[in-house]
Structure formats: structure tokens, C-alpha cells
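Note sheet for the following structure.
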Amino acid sequence: MRAYLKYLKGDPVIWIISILMLAFSLVTVYSFVPILVKIEGGTPFYYLFKHFMYVLLAFFSMYTIHRIDSKYIYQISKFAYYLAIILLIFTMVFGVNVNGADRWIRIPFIGLTFQSSDFAKLALILYLSRLLVKKENKLDHWKEGFWPLLLPIIVICGLILKDNLSTALMLFVLSFILLFIGKMPWLKLTSIIGGGLVLLFLAITVHKSFPALNMLPRYDTWESRIEKKTGTDPSSFGQNAQSENAELAIFNGSILGQGVGDGKLKEYLPEAYADFYYASFVEEFGSISSFILIFLYLILLFRIIKVALKTDSLFESYVCLGIGIHLLSQATINMLVCTGLLPVTGQNMPFLAMGGSALIMACISIGIVQSIASKSMKGSKTGKIFQDEIG
């Protein structure tokens, strides 16, 4: 392993965890796709090959990005933000409808789809980190510090909200955490929370008052999921089949699991390979393996935080922290949904679930972290050599 890691710059632990998860995803995707075969046709091998191509593309993206000097990441952050806005607007107008939501862009000629919100999440993290550095001494000012930071959050989250409430809320909370880390004054932080709640309430009110506008086309789905989750009527049992089957799958997994390919309830989970990945994983690999999986994600977060603390650049620190918190939040939400603690959402497991844009953007995020880690390690070695020479 060490012989191969010499070609990879940055934190070796992050590389090992990322590569292990990507390799393991091939096993689980092949095992978890029977429901997809039943609904859309094809064979498990077809979906395995498709996912394998995504894994190769994701790893290539991660490797390429990590070889780029991290100073260029700051320079492209503004361009990435405006590109994200263009992609989100384009998706709203020309997006491909999948499962009742216009979240995807179909890539010409190759027929694959790309979820623009996956790119927008990373773009907002980069741009917000840039603004936190640029406005560092103006955070006490409403006009020069507060609004320039808040408006990008409102724009991106507002464009995502229409078809993906869970992603918009997660990104809003993540942005709030970044502002907190960046030492935004408490008065302004509480204003952001209040303003976000007011805007959400207004959007719902307008949607209900003027249904012809179809401002929130997924609102009925959100309301239905929340009602099913919070409903206490015994007659409602069975109406939330996805969540109930996910909980049964976890129960069926017990301590050691049913074995690879031997899970039964995964055949009744529409997104067993993505949104309900954790439930399918526990059913086949058991609760002990699930604790190992959680431990790996925590180690990944710890190593990313370590990279953030080592760098001398505030921008790079904010970017690493934002990426680390985002990846762990996605995994946590997937687990909480599968265990019945949250209503059904569309958050899958980073590096493990089947998917194109989510997998690629997660790997690009790690590539950025490794680029920053590589720069920090190079600086440490240079400093040590200099000290040795003058000593």
C-alpha cells in the first residue's frame, strides 16, 4: 500500500478511507440493486458496470484535483458560485424529471444525468469561505459584511428549495456553521435563523395561497412525509412503507447481518442503493459493521479537521471544515432516516451509494482537501529543511 501511496499527495489516512469506501461500494451496489432491476429492467451486472465507470471517473477527478495547487481553488471559487447559479436555473427550466423532481440535467450524447445541486453545495462552501476571508474585518457591519455573506446563501438555497427541501435546509445549516466558525456576531447569526424561517414560511404561504403558481411543486410530498413520520394514528401503519421497511431491515440485520447478497427487505426499498443505503448495509453486514462504518466517517472528519488546523490560510481552513461537516452531515442524515429518526429525504451515503454527480462531487471535495494537505505538508518539510540548514 505504501508503494502506491507515494504517488498520492496529502493525508494518507484520508486516501486509504476514500479508496476503501469506493472499492467497497462496488460490492454493495451490486448487492443492493435488485429493486432497480425489478423496476427499470436490466441486470445487476449492468448497474455494477455503470457504477464502476462512475467510480473510475470520481477517482480520476479526485486525483487530478489533488495535484492542483490549492491557491487556484481560491481564484475559481467565485466563478464556481456563478456557474452553480446558472446550472440551477437551467435545471429549473430544462431539468429532467426523476421521481417527481426536476433536479437533473441530462448530459448530451452520453445520456447520463447530473444533479446540479451537488455542484452548488461545493460551490457555495468555496465562495462562502472566500467571502469570510475577504470580509473578515467587516463582519460587524450590516451593509459591508452581513448582507454580502447572506445573499449567496439565500440565492443558492432558494434555488435548491423548489425541488429539494432537505438539501436546501442542510446547506443552510452548514452555511450557518461556517459563519459561526468565521466569528460572525451572534446578533447577526440569530437574524439569519429568523430570516430563514420567515422566508420559508412566506414561500409556503404563497404556494398555498396561489397554487396555480406551483412555487413549491414538491410541497405535498414534504407535507405527506412529515405527517407520516409524526402521525400517531394506529391506522396510519403501513402508509409509510419505505421507512418501516428500512427499520425492519436494520432489525433483520441483527449483530452479524444476513450476509452479502442475502438481504431480503432491500428488495422492497425503492432506494436501497442510495437513500436507504444504511438500512440495506446493516441488514447484510450487521450492526457491528455499521459501527465500523460510522467510525470510518468520524476518522475521515477528524483527519479533515486536522488538515484544516495545519494550514496557514484561513480560506483553506474554512473550505476543509465545510467539506468535512458536509460529508458527515450527509452520512448522518442517511442513517437517521433509515433508523426512523427523520422523515424520508434524498441524502445518500458519501462514497458508498450508487450515483453519479454525488459520488463525483464527494471525490472532488476530497481532492480539494488533499491539495490543501499536500501544500501544508510541503510547507512543513520546507520549514524543517530550512531550520536544519541554519541550525
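The values are calculated or read from the model by the stated rules, or taken from the named source; none is laboratory data. Since we're looking at a predicted model, the values are computed, not measured. All Cβ positions, glycine included, derive from the backbone under ideal geometry; neighbour counts span all protein chains shown.
Could you check the range 123-166 and list, in sequence order, the residues that are within 19 Å of the chain's Cα centre (by Cα), over 25 Å from residue 316 (Cβ atoms) and assigned to a helix (DSSP H, G or I)?
Filtering the range 123-166 down to residues within 19 Å of the chain's Cα centre (by Cα) leaves 123-129, 152-166.
The next check asks that each one be over 25 Å from residue 316 (Cβ atoms); those that pass are 154, 158-166.
Scanning the range 123-166 gives 154, 158, 159, 160, 161, 165, 166.
Name the residues in the range 72-90 that are without any contact (Cβ under 8 Å) to a residue 60 or more places away in the chain and among the β-branched types (Val, Ile, Thr), would you? Matches in the range 72-90: 76, 86. Can you work out which of the residues in the range 196-217 that are touching a residue at least 12 places away in the same chain (Cβ under 8 Å) and outside any helix (DSSP H, G or I) is surrounded by the fewest Cβ atoms within 10 Å (Cβ to Cβ)? Ranking the candidates gives 217 first.
What residue, of 342, 300, 256, is modelled with pLDDT of 95 or more, of a type in the set (A, V, I, L, M, F, W, C) and touching a helix residue (DSSP H, G or I) at 6+ places or on another chain (Cβ under 6 Å)? The conditions single out 300.
For residues that are assigned to a helix (DSSP H, G or I) and among the basic types (Lys, Arg), scanning just the range 48-76, find the one that is surrounded by the fewest Cβ atoms within 10 Å (Cβ to Cβ). Of everything passing the filter in the range 48-76, 71 is surrounded by the fewest Cβ atoms within 10 Å (Cβ to Cβ).
Out of 162, 143, I need the residue that is surrounded by fewer than 20 Cβ atoms within 10 Å (Cβ to Cβ) and among the charged types (D, E, K, R). Which one?
On the way: 162 fails: surrounded by fewer than 20 Cβ atoms within 10 Å (Cβ to Cβ).
When all the criteria are applied, what remains is 143.
If you scan the range 31-47, which residues turn out to be closer than 18 Å to residue 269 by Cα, free of Cβ contacts under 8 Å to residues at least 40 places away in the same chain and assigned to a helix (DSSP H, G or I)? 37, 40, 44 - these are the residues of the range 31-47 that are closer than 18 Å to residue 269 by Cα, free of Cβ contacts under 8 Å to residues at least 40 places away in the same chain and assigned to a helix (DSSP H, G or I). Of everything in the range 178-195 that is in a helix (DSSP H, G or I) and touching a residue at least 40 places away in the same chain (Cβ under 8 Å), the residue that is nearest to residue 309 (Cα to Cα) is 181. The residues of the range 1-30 that are part of a loop (DSSP other than H, G, I, E, B) and surrounded by 16 or more Cβ atoms within 10 Å (Cβ to Cβ), listed by number, are 8, 9, 10, 11.
Give 364, 372 a once-over and let me know the one that is buried (at least 24 other Cβ atoms within 10 Å of the Cβ), modelled with pLDDT of 85 or more and assigned to a helix (DSSP H, G or I). First the steps, then the outcome.
Numbers: 364 fails: buried (at least 24 other Cβ atoms within 10 Å of the Cβ).
The match here is 372.
The set of residues in the range 331-360 being within 30 Å of residue 134 (Cα to Cα) and surrounded by 24 or more Cβ atoms within 10 Å (Cβ to Cβ) consists of 358 alone. Screening the range 256-283 for residues that are of a type in the set (Gly, Ala, Ser) and at negative phi and picking the one that is surrounded by the fewest Cβ atoms within 10 Å (Cβ to Cβ) gives 274.
Going by the structure shown, is residue 156 aliphatic (A, V, I, L, M), farther than 20 Å from residue 334 by Cα, in contact (Cβ under 8 Å) with a residue 60 or more places away in the chain and touching a Leu at 6+ places or on another chain (Cβ under 9 Å)? Taking the combined requirement at face value, the residue satisfies it. Of all residues in the range 169-195, exactly one satisfies the criterion of being crowded, with 22+ Cβ neighbours inside 10 Å and among the small types (Gly, Ala, Ser), namely 175.
Residues that are more than 19 Å from residue 169 (Cβ to Cβ) and touching a Gly at 6+ places or on another chain (Cβ under 7 Å): list the helices (runs of 4 or more DSSP H) wholly contained in the range 240-358 that include at least 2 such residues. Show your work before the answer.
Working: elements: 241-253, 277-310, 314-338.
Fully inside the range 240-358 and qualifying: 241-253, 277-310.
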